[in-house]
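The values are calculated or read from the model by the stated rules, or taken from the named source; none is laboratory data. These figures come from a predicted structure and were not determined experimentally. Here the Cβ positions follow ideal geometry from the backbone for every residue, glycine too, while neighbour counts run over all protein chains shown.
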């Protein structure tokens, strides 16, 4: 009897946890859509086609196209910056580093992954941001600074994911390449990487997702302009930054409030797309 | 004998490649160490009993960060108390019951930006459930946010249990739930502790969702109950950096040092538990 | 660039022994895996290294093309001479050495690419870039490996889609495409079914006309079927060695006798 009760209650808890997970996913979509509707109804397509984001002016304008573009720019550039560097670091750790080197550097990178984004943002804001006016760049917070902050923020996940993919390739495959006289770098780049390709691509996708969802770093380091930057040293604001900085001030249930939910909805669509790509890649690797 | 090394030999080529990669790796590593140092050291000089035990004063030019420390601890505790058990159960569901739609849901959830969880928490907990800006709202939001992370890690841990252990357990005539909870989970106890500590590190550092659901810039009193708003270390640093400029920088530096220390401690404990004792 | 000097040198080989192992010891860290080995490998013959698992036969084989260098904590004492030059001499360029002494592994290891690209990979390593020459040599290698007829209609197909036996023959084709002098086989058929095994064994016999073969096996039948000379190892030492027919029918050493009669291994 006692055994029965234990069994049933454990199963109940397992079921509850599953229900909560699914409910959370639907709940998030539901709320985002529900709270977005007022803005979509009253502002309409202008939300996505206008660059004019002036929610506190009279009359208010809610064009988030430049915010969307900025989120994409930051994601693309950030990923392009981080992935190649972390790839080569992973190659070094996988095939050239000694066991001790690999362990220490990997541990260092894992500690970095734990540093809160607000601290990384604060460090670069304090020490790097003032440099810009000194060298003639008018905006102390700008796209470049945000990219630098994002680099240190995402180097851990990118490197670790790629490294784990490379490490999971069977050693015999690498030995076969070496047995043909191939140099180690060629083996790692042509054979190991190809064998680990879906893992490497997954690392790229997850890195991009991390960047698109990052708030504090781009908020504190990117500057306040809801405009598309013309050059790297221009300030810019992303969807995430706008939500975090304006929501605390936005009047509840106002159009501004609703428009910020629209921004959140766009973000969720981006991240869901990234995750779907990731799922497809992981399915491919389970050949 | 042409298999000997010559000037253009392959062995030299390999050496060049190795050195180039080594320089890259060490360069980035040194930069990372720099970032740690810049985050931790400057704030140390502000550490004092007063700093840890007082409220901020004089527009952030004096006093201390006690409410922020307390708030961080409370919020972390609330969210982990909910998320860790749930996460373990969910991780078990993922690994022991092959339901692809749950795996799918958890994967999508794990990618959702933290600020969007903040929006959800704001809409559901703060407004609809009328919790306002409170520890409870923030804690629930954070626990949802960290739930996919914990469950994925637990899933990986459970998956790594050798097949023989599972088969032996079933062979003893145990039911599925007994096999799982009485035999499998205890065998990976240390890994689950690691996962818990890593998730604690994650939660302590979160900022964006709390700005929307739990944190205030300045709390005059300590939180009375779970429905009170709080200050937390990361949100405090954020507010100082965003709104206060150089006058309050000292406080942000001091708070950053404390936060980093917490995080390093938590991660170090997590790493200690990584290897299961056989 | 193709090493033209090599080609000339090859034809002028004076002695019949292309490889010689002299007082060779191999360590994984502190553990001694091969103790005091002495063997002479004869050109264009098939030499089998046989013994129970853990006897060091793979270690010895893998030392011949220095593939063990990839493992950390691997140390050697003694010499392995290739054309009278010690391959562990610091002057040796190990990457060129491995093009002269090739290796086929136990588990078939097709690269995750097309059949054509698998073989072209090695050819490109030795500097062949001309498309026509690549196609000719790929065809040549596949024909020599008795795989051409089975794959000629679709060389762009992924090598991973081939059967186990076909994959192993692909690995052999890959190795012979760059025209090494010696081919080392590390239990090449232990992961294959009997039909595929038989195909590979007869392939190896054909290959010995052009190449020198050293094959590690734990299968006495295989050694007796295809090898000319057999080396028997036990617990890291070479216990006995000699022409295969003599060794298998009239072993001198007691341990050899026990292995052959199935009492150990």
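Computed quantities for the displayed model
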read-out	value
Hits in segment A:184-193 - residues which are within 8 Å of chain C (Cβ to nearest Cβ) and under 15 Å from residue A:88 (Cβ atoms)	A:186, A:190
Wholly within segment A:34-144, helices (runs of 4 or more DSSP H) carrying at least 2 residues that are crowded, with 16+ Cβ neighbours inside 10 Å and touching a strand residue (DSSP E or B) at 6+ places or on another chain (Cβ under 9 Å)	A:65-91
Residue check for residue A:213: within 11 Å of chain B (Cβ to nearest Cβ), crowded, with 24+ Cβ neighbours inside 10 Å and over 30 Å from residue B:234 (Cβ atoms)	no
Residue in segment B:60-69 that is crowded, with 18+ Cβ neighbours inside 10 Å, in contact with a strand residue (DSSP E or B) (Cβ under 9 Å, 6 or more places away or on another chain), away from chain A (no Cβ under 14 Å) and part of a helix (DSSP H, G or I) present	yes
Wholly within segment B:104-184, helices (runs of 4 or more DSSP H) carrying at least 3 residues that are within 13 Å of chain A (Cβ to nearest Cβ) and touching a residue at least 60 places away in the same chain (Cβ under 8 Å)	B:114-121, B:135-159
Breaking point among (1) over 17 Å from residue B:252 (Cβ atoms); (2) surrounded by fewer than 20 Cβ atoms within 10 Å (Cβ to Cβ), for residue B:44	(1)
Condition met for residue B:23 (at pLDDT 95 or above, exposed (fewer than 13 other Cβ atoms within 10 Å of the Cβ) and assigned to a helix (DSSP H, G or I))	yes
Residues located in segment C:72-86, provided they are within 12 Å of chain B (Cβ to nearest Cβ) and surrounded by fewer than 21 Cβ atoms within 10 Å (Cβ to Cβ)	C:81, C:83, C:84, C:85, C:86
Candidates A:158, A:165, A:176 - the one that is buried (at least 22 other Cβ atoms within 10 Å of the Cβ), in a helix (DSSP H, G or I) and in contact with a strand residue (DSSP E or B) (Cβ under 9 Å, 6 or more places away or on another chain)	A:176
Residues of segment A:129-144 satisfying the condition of being within 13 Å of chain B (Cβ to nearest Cβ) and under 18 Å from residue A:241 (Cβ atoms)	A:129, A:140, A:141
Among (1) more than 10 Å from every other protein chain (Cβ to nearest Cβ); (2) at pLDDT 90 or above, the one test that residue A:17 misses	(1)
Segment A:1-30 residues that are in contact (Cβ under 8 Å) with a residue 12 or more places away in the chain, paired with ones that are in a helix (DSSP H, G or I) (beta carbon under 8 Å, 6 or more apart)	A:28/A:268; A:28/B:109; A:28/B:116; A:28/B:117; A:28/B:120; A:29/A:268
Positions within segment C:246-265 being touching a residue at least 40 places away in the same chain (Cβ under 8 Å) and either out of contact with any strand residue (DSSP E or B) (no Cβ under 8 Å at 6 or more places or on another chain) or assigned to a loop (DSSP other than H, G, I, E, B) (or both), in sequence order	C:260, C:264, C:265
Selected residue (only one of A:260, A:282 is free of Cβ contacts under 8 Å to residues at least 40 places away in the same chain and farther than 23 Å from residue A:153 by Cα)	A:260
Criterion: under 16 Å from the mean Cα position of the chain (by Cα) and on the phi > 0 side of the Ramachandran plot - qualifying residue of C:66, C:99, C:62	C:66
Residue count for segment C:116-151, restricted to those that are in a loop (DSSP other than H, G, I, E, B), farther than 17 Å from residue C:104 by Cβ and touching a residue at least 12 places away in the same chain (Cβ under 8 Å)	3
Subset of segment C:89-106 [more than 9 Å from chain B (Cβ to nearest Cβ) and surrounded by 18 or more Cβ atoms within 10 Å (Cβ to Cβ)]	C:98, C:101, C:102, C:103, C:104, C:105
Residue in segment A:28-35 that is more than 14 Å from every other protein chain (Cβ to nearest Cβ) and in contact with a helix residue (DSSP H, G or I) (Cβ under 8 Å, 6 or more places away or on another chain) present	no
Condition met for residue A:230 (more than 10 Å from chain B (Cβ to nearest Cβ), over 28 Å from residue B:229 (Cα atoms), touching a helix residue (DSSP H, G or I) at 6+ places or on another chain (Cβ under 9 Å) and at pLDDT below 90)	no
Listing of helices (runs of 4 or more DSSP H) fully contained in segment B:189-278 that carry 3 or more residues being over 19 Å from residue B:66 (Cα atoms)	B:189-204, B:208-213, B:249-272
Only listed residue being crowded, with 20+ Cβ neighbours inside 10 Å, within 11 Å of chain A (Cβ to nearest Cβ), within 27 Å of residue B:117 (Cα to Cα) and touching a helix residue (DSSP H, G or I) at 6+ places or on another chain (Cβ under 8 Å), chosen from B:72, B:79	B:72
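Residue by residue, here is whether (1) within 8 Å of chain A (Cβ to nearest Cβ); (2) crowded, with 18+ Cβ neighbours inside 10 Å holds:
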residue	(1), (2)
B:225	no, no
B:232	no, yes
B:237	yes, yes
B:255	no, yes
B:267	yes, yes
